[in-house]
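Colleague: I have a structure here, written as structure tokens, and I will follow up with some questions on it.
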Amino acid sequence: MNYLQLLVLLVLLSLKPASAGRPLTDTVYLAVGTSIDITANRYGKNVLRTFCYPGKPRSLFSLFETVELILSIASDDYSEYGGRTPEEVLDHYTEKHSLFSFTLFSQKRQNIQLSPFEQQCIGVSSNQPYNISLNYAQLDIWRLIQMSLGIALFWSATRLAKNSIFYYLAGMVLGICASLLVIIAVTSKLFPRRPMMYGVLIGGWTIGLYILKQLSDNIRVILITYREYVLWYLVITGLISFLVCYRIGPPKNPRSQNIIMWVLQAVGAAIVYFSSWHTSACVVLLVLVCAAHYCPDSVLQYAHSFYKRRFPPKRRLLTQEEYYEQAVSETARSLAELRDYVNSSNCRQWSVISALRDPMRFATFANGAPHLFDEEIEDYSRTIEDSLEGADEDEAFDFLQSSMYYRPTGRLINPHRIPSSPPSYPPIRAPPLGRQLGNSNNDNNDDDDDEFMD
């Protein structure tokens, strides 16, 4: 019975605050840009001052907003308590000052980031003077980079899971960060009883998290003071991790690669989720990224074709100069391709020649002669001029400018209005058929044609 009474007494003492009396409390609601100087008090840590940020409505334009509470104090003689309301902060203060209160991860932060959309309160208990300020950033560039990095990691997880370089780098980083847990796991094998090993592992995780928390809080001091030891630690653990990864080798099994891909996608999704205080917008963004990543290509092609049908692009019409240039270049290219084809082994020349009305002309074209004769070009020019005698001069000029094989014959009313050929693409005059075949009887006709053209 005496043991039971003693146990009840200890429980009551643990719930009773160690400090005498109720603390002196004060609550201040801060606005953006507020700075308050607190002077020293004579009541010691029995004074609890609570600073609250009321929050603001959520908006899509405030996706990367950040509100930061900055505590400027010269000494380390203070305590912090968090909560959503002043009453919750007071409850934490009371629990902390109980007789058997013990918190392993208690911390003192001087830069505290608050949610811009929710009410949050920070209680400070100190007898030293300090300053409290509330800063606001509409666009936090680091959160934007964090979200971009998370989306890129999620989208490229399939390729990274099969990349050997990423496998070795990730193994080295994991080995450097988890080396303490590896040492605890190796030493746990020295214990004969398996339940004791589990206890050591659980304690090792707790100690490892505590050490990592302390390292993150004092990383700058550690890098400046113990930089040589940190360098040797990184070299040794990184080399051992690389050798272990090299011995195991990159995963070749598709299921192992899928597991790595899913882990990377989960890490990327977590990075995106914690990159903004607007968690609902982050969830919607993750759903859209997942849908776009796993969406079949047929659905994307259908959506693209539907968009093009619904909103067709505006087509630009060619100018007269562009039309002429394109006609010249495309005709020359097509004729060259046709000539190459008829001279290749893929073409059945005899079958083609037997189906033509003028095989000799086809043969001269295959040997490099032009595809039109001078007589044909001149007949074409006379036909154009006859059809444009009653047309407007501007329309006739524009039409003749776009004609590739037009040659003026002097029959128009205003012959100087139309140049003999476009300045940039003069027409190529093809020699007559008789001259191509070596027929000397057509020389007189050629001279007559030259005089007519002159």
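Colleague: Condition test on residue 286, is it under 30 Å from residue 266 (Cα atoms), out of contact with any Leu (no Cβ under 8 Å at 6 or more places or on another chain) and either surrounded by 11 or more Cβ atoms within 10 Å (Cβ to Cβ) or assigned by the TED database to the domain that holds residue 151 (or both)?
Modeller: Judged against the criteria, residue 286 is a match.
Colleague: Are any residues in segment 228-268 of a type in the set (Ser, Thr, Tyr), closer than 30 Å to residue 147 by Cβ and in contact (Cβ under 8 Å) with a residue 40 or more places away in the chain, and if so, which ones?
Modeller: Answer for segment 228-268, where residues must be of a type in the set (Ser, Thr, Tyr), closer than 30 Å to residue 147 by Cβ and in contact (Cβ under 8 Å) with a residue 40 or more places away in the chain: just 241.
Colleague: Test residue 245 against the criterion of being within 17 Å of residue 171 (Cβ to Cβ) and assigned to a helix (DSSP H, G or I), and give yes or no.
Modeller: yes
Colleague: So which of 260, 271 is within 30 Å of residue 110 (Cα to Cα) and surrounded by 14 or more Cβ atoms within 10 Å (Cβ to Cβ)?
Modeller: Just one listed residue meets the conditions, 271.
Colleague: Then there is this: State whether the residues of segment 221-236 include one that is within 25 Å of residue 163 (Cβ to Cβ), open to solvent by 90 Å² or more (accessible area, probe 1.4 Å) and in a helix (DSSP H, G or I).
Modeller: no
Colleague: Also, I was wondering about something else. Which of the following residues is small (Gly, Ala, Ser) and in a helix (DSSP H, G or I): 369, 327?
Modeller: 327
Colleague: Show me the strands (runs of 3 or more DSSP E) found entirely inside segment 43-98 where at least 3 residues are in contact with a Phe, Trp or Tyr (Cβ under 8 Å, 6 or more places away or on another chain) and either of a type in the set (Gly, Ala, Ser) or open to solvent by less than 40 Å² (accessible area, probe 1.4 Å) (or both).
Modeller: 47-53, 66-73
Colleague: May I ask you to list pairs of residues, at least six apart or on different chains, whose Cβ atoms are under 8 Å apart, with the first in segment 339-351 being assigned to a loop (DSSP other than H, G, I, E, B) and the second being open to solvent by 100 Å² or more (accessible area, probe 1.4 Å) and modelled with pLDDT of 85 or more?
Modeller: What qualifies is 347/341.
Colleague: Given the criteria under 18 Å from residue 327 (Cα atoms), at pLDDT 65 or above and among the hydrophobic types (A, V, I, L, M, F, W, C), does residue 372 qualify?
Modeller: So residue 372 passes the test.
Colleague: Please go through segment 161-181 and give me each residue that is open to solvent by 40 Å² or more (accessible area, probe 1.4 Å), in a helix (DSSP H, G or I) and among the polar types (S, T, N, Q), ordered by number.
Modeller: Within segment 161-181, 164 is the sole residue that qualifies.
Results for (1) touching a residue at least 12 places away in the same chain (Cβ under 8 Å); (2) in contact with a Cys (Cβ under 7 Å, 6 or more places away or on another chain); (3) in a helix (DSSP H, G or I); (4) open to solvent by 60 Å² or more (accessible area, probe 1.4 Å), shown as yes or no for each residue.
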| position | (1), (2), (3), (4) |
| --- | --- |
| 124 | yes, no, no, no |
| 128 | yes, no, no, yes |
| 133 | yes, no, no, no |
| 154 | yes, no, yes, no |
| 159 | no, no, yes, yes |
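Colleague: Which of the residues that make up segment 340-358 are open to solvent by 50 Å² or more (accessible area, probe 1.4 Å), under 51 Å from the mean Cα position of the chain (by Cα) and within 16 Å of residue 368 (Cβ to Cβ)?
Modeller: Selection gives 340, 341.
Colleague: Still on this model: Is segment 115-138 home to any residue that is at pLDDT below 85 and of a type in the set (Phe, Trp, Tyr)?
Modeller: No, that holds for no residue.
The values are calculated or read from the model by the stated rules, or taken from the named source; none is laboratory data. In this text, all values refer to a predicted model and were calculated from it rather than measured experimentally. Virtual Cβ from ideal backbone geometry, glycine too; neighbours counted across all protein chains shown. Remember, those area values only see protein heavy atoms, side chains included, never the ligands or the DNA or RNA. Shrake-Rupley method; radii C 1.70, N 1.55, O 1.52, S 1.80 Å.
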